[in-house]
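Below is one structure, written out as structure tokens; the observations come after it.
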Amino acid sequence: GPRSESGALDAQPWSAAAVAEATSAGRPVLVNLTADWCVTCKINERAALSSPRVAQAVKQANAVYLVGDWTRRDDAITRELQAHGRSGVPLYLVYRPGRAEPDILPQLLTEGVVIDALKP
């Protein structure tokens, strides 16, 4: 199921509403927009997003991890990509409560990049 891809992280499906709900509850949000055919996405998921240290950082930040699956070119995800100047995946965003614009993380992730992005 969907749990296997996310490794140690407990993933929920991405939607704009899910982001808004989490941030209004005072929680940061880590967004992973990905696709099955995206090689870079898979490398990042294995190298960075499935690491126990990242899982720990997510837990400490009380963050929500949302995954948007663009394998079939979902329109809502396409719009989200375009809103951030991207034509494709991967796109990694960190939303913080009280801030309208998310931080955009690099397309090649390391554990450190993700952990730093989740620090308050």
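Please treat every number below as a calculation from the coordinates, not as lab data. Predicted model, so just to flag it, every value in this text is computed and none were measured. Using ideal geometry, Cβ is built from the backbone for each residue, glycine included, and neighbour counts are taken over all protein chains shown.
Side notes on the structure shown:
- Cleavage-rule hits, chymotrypsin sites (Phe, Trp or Tyr not before Pro), the range 28-84, DSSP coil, Cβ neighbours within 10 Å at most 15: Trp37
- P(r) weight above 16 Å for the range 62-110, C-alpha pairs, percent: 45
- Relative contact order %, the chain, counting alpha carbon pairs below 8 Å whose residues are six or more apart: 35
- Long-range HN-HN contacts of Gln12 with modeled amide H, under 5 Å: Tyr65, Leu66, Val67
- Kirkwood Rh, Cα atoms: Rg over Rh of the chain: 0.92
- For the range 101-108, Karplus couplings with θ = phi - 60° (6.51, -1.76, 1.60), whole Hz, Gly/Pro x: 8, x, 7, 9, 8, x, 6, 9
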